[in-house]
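Below: one structure in structure tokens.
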Amino acid sequence: MSENFDVVFKSGTIVSHAGEALADIGVSNGQIRAIGTIDASRAGKTVDVRGLHVLPGVIDTQVHFREPGMEHKEDLETGSRAAVLGGVTAVFEMPNTSPPTTTPEALAAKVAAGTNRMHCDFAFFVGATRENAAELCHLERLPGAAGVKIFAGSSTGDLLVEDDETLTQVFSTLRRRCSIHSELESRLRERLDLRRVGDPTSHYEWRDVTAALKSTERLLRLARATGARIHILHVSTGEEMELLSHNKDVATVEVTPQHLTFAAPEDYERLGTKVQQNPPIRDRAHQALLWWGLEQGVVDILGSDHAPHTLEEKSATYPATPSGMPGVQTLVPVMLDHVNKGRLSLARFVDLTSAAAQRLFGTICKGRIAVGYDADFTVVDLKAERVIEDDWVGSKTGWTPFAGRKVQGWPIGTVIRGHLAMWEGDLGEAQGQPVRFGEGFPGGLPG
Ligand code: DOR
């Protein structure tokens, strides 16, 4: 074939399902059209990626971008700016906004607000409530929907489904995989008094291992009883990881870079409420078992749980402080540093951040480097050593818990459907579009 291309990414180390190889990638109309050796004369434009690794675009399947309702913390533009600065090509955003994403109108409003305003591609989770439970099988398949999210334990916002009856109803209705924040609300309520004023280390004593484990046990039981497929977000305990290793037929598993990197009590002592999040950062013994789950294949996917709060909000006195930390921009460099330190292979990182999103959520034409797929690439310099600093942060919050951390491995470019959304720290035009899903679009795929 001797077709010409809009753009050719020249001489990169392409990391794909086929392994690693030095090659060029030809792109036309936002799609990958050829992988191999491509004559430069066939390119409208050439991007030299010599010495760099071209990874399938990193998809972050858990972010909170706060629009509508809490735009003083973040909005769809600033959250997605942080994403592309960090090498992330698509995000799935959570429903705990104000109003929450629990109706077709709220979902459509987010899709409209994100289109050509967000810097990366996007999808939105629909929040389950007692009121919308019967409609979820329709809501989960609307354009721009990543699926349904349940808060089985409460966190930021007021989305919560805690009774067996509603959970059973939701699980029986859904056709897609259901993503869940798994902490047992009744136990969290019973133990509120364990929080010590001014002492964020009491956060993980309050929201303890039993609260997470009992919740995940219950969700597995209900999923089995109803035939649902569930996705346990941000697993934080060794006990759950062990349990989930016996339930791979029902449940998929997410871990976050922060649970793999920070530990109690030392990082609470160093960073205070900045590392307060739900479920909490726990001790090294739990962290070791999260890494065990990652090494053994129990973990399916990495998500950042980017949950921005302002420094002012974080500087109140615990427990008046909100839970969550920014993370969409630091996912790639923090995890590439773990790759360089030998904690996981580059191939495993790629699987966890691209192919996994396609496997779990059914993305169309995203999740691998292949002819016919969207030209979404995370271009990285595996040798670059940088220090993560607050002044690099694109999020409205302007801070990161990883500030001061020296890492090896850095995102150089974020390519989305062939256009440079970010190159060496400079942003391109915002051209965000909704991600498409095989299980979406009732009535068939649009033209
Ligand atoms: O710590 C958290 N913060 N965990 C969540 O699940 C929600 C998030 C937020 O939205 O702030």
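Keeping all protein chains in place and using 1.4 angstrom, which order do ASP48, ASP337, ASP163 fall into by accessible surface area, from largest down?
ASP48, ASP163, ASP337
OK, next. Tell me, what ³J(HN,Hα) does each residue in region 274-280 have, in order and in whole Hz, if you take phi through Karplus 6.51 cos²θ - 1.76 cosθ + 1.60 with θ = phi - 60° and put x for Gly and Pro?
4, 9, 5, 8, 10, x, x
Under a 1.4 angstrom probe, counting protein chains only, how are HIS72, HIS181 ranked by accessible area, largest first? Kindly include the intermediate steps, with their values, before the conclusion.
Details: HIS72 105, HIS181 5 Å².
The ordering from most to least exposed comes out as HIS72, HIS181.
With a 1.4 Å probe and all protein chains kept in place, how much accessible area does LYS214 have, in Å² rounded to the nearest 10?
100
Among LYS314/LYS341; LYS274/LYS406; LYS10/LYS383, which pairs are too far apart, with a Cα-Cα distance over 25 Å?
LYS314/LYS341, as the Cα separations exceed 25 Å there.
Among ASP60, ASP75, ASP249, what's the order by accessible area (1.4 angstrom probe), most exposed first? It would help to have the intermediate numbers written out before the result.
On the way: ASP60 0, ASP75 20, ASP249 110 Å².
Result, largest first: ASP249, ASP75, ASP60.
Taking H as built 1.01 Å from N, whose amide H comes closer than 5 Å to the amide H of PHE5, not counting residues under 5 places away?
For PHE5, whose amide H was placed from the backbone, the distant partners under 5 Å are ALA43, GLY44.
Accessible area per residue, 1.4 Å probe, Å², for the chain: what's the number?
Numbers: 15840 Å² over 447 residues.
With all protein chains present, the chain gives 35 Å² per residue.
Where both partners of a DSSP beta bridge lie in the chain, what percent of those bridges are antiparallel, to the nearest 5? Working shown, then result.
Details: 34 of 69 bridges.
Of the beta bridges lying entirely in the chain, close to 50 percent run antiparallel.
Which whole-angstrom value gives the distance between the alpha carbon centres of region 249-300 and region 82-101?
21
Additional query: Give the residue from GLY87, ALA421, ILE38 lying farthest towards the positive end of the charge dipole for the chain; charges sit on Cβ (+1 for Lys and Arg, -1 for Asp and Glu) and the dipole is referred to the Cα centre.
The listed residue farthest towards the positive side: ILE38.
Next question. Treating only the Cβ of Lys, Arg, Asp and Glu as charged (+1, +1, -1, -1), what charge dipole size does region 82-190 show about its Cα centre? Round to the nearest 20 debye. If you can, show how the numbers build up before the last one.
Working: 10 positive and 14 negative charges, 97 e Å.
Here region 82-190 has a charge dipole of around 460 debye.
If r is the Cβ-Cβ distance from ASP426 to GLU135 and R0 is 41 Å, what FRET efficiency results, to the nearest 0.05?
Result of the calculation: an efficiency of 0.40.
Tell me, what HN-Hα J-couplings in whole Hz come from the Karplus equation 6.51 cos²θ - 1.76 cosθ + 1.60 at θ = phi - 60° for each residue of region 337-346, using x for Gly and Pro?
5, 5, 4, 5, 8, x, 6, 8, 7, 4
In whole percent, and with a 1.4 Å probe on the protein chains, what portion of the accessible area of the chain is carbon and sulfur?
After summing per-atom areas, the C and S share lands at 49 percent.
Just want to confirm a number: the relative contact order over the chain, from Cα pairs under 8 angstrom separated by 6+ residues, in percent. Each step should come with its number before you reach the end.
On the way: 1108 pairs, mean separation 94.7, N = 447.
RCO, the chain: 21 percent.
Would you work out the relative contact order for region 189-259, in percent, from Cα pairs under 8 angstrom that are 6 or more residues apart? Kindly include the intermediate steps, with their values, before the conclusion.
On the way: 62 pairs, mean separation 18.8, N = 71.
Across region 189-259, relative contact order equals 26 percent.
Using unit Cβ charges (K, R positive; D, E negative) and no other charged atoms, how large, in debye to the nearest 20, is the dipole of region 96-148 about its Cα centre? Present the calculation step by step, with values, prior to reporting the outcome.
Numbers: 4 positive and 5 negative charges, 22 e Å.
Here region 96-148 has a charge dipole of around 100 debye.
For ARG417, what is the net charge nearby, where nearby means another residue's Cβ is under 11 Å from its Cβ and Lys, Arg count +1, Asp, Glu -1? Don't jump to the answer; show the numbers that get you there.
Working: positive: LYS366; negative: ASP6, ASP121, ASP374, ASP376.
Residues near ARG417 contribute -3 overall.
Mind checking which lysines have their C-alpha under 20 Å from LYS110, skipping anything on the same chain fewer than 8 residues away?
LYS73, LYS149, LYS396
The values are calculated or read from the model by the stated rules, or taken from the named source; none is laboratory data. Just so you know, these numbers come straight off a predicted model, no measurement behind them. Ideal geometry is used to build each Cβ from the backbone, glycine not excepted, and the neighbour counts take in all protein chains shown. Each accessible area value is taken on the protein alone, full model and side chains, heavy atoms only, with ligands, DNA and RNA left out. Shrake-Rupley method; radii C 1.70, N 1.55, O 1.52, S 1.80 Å.
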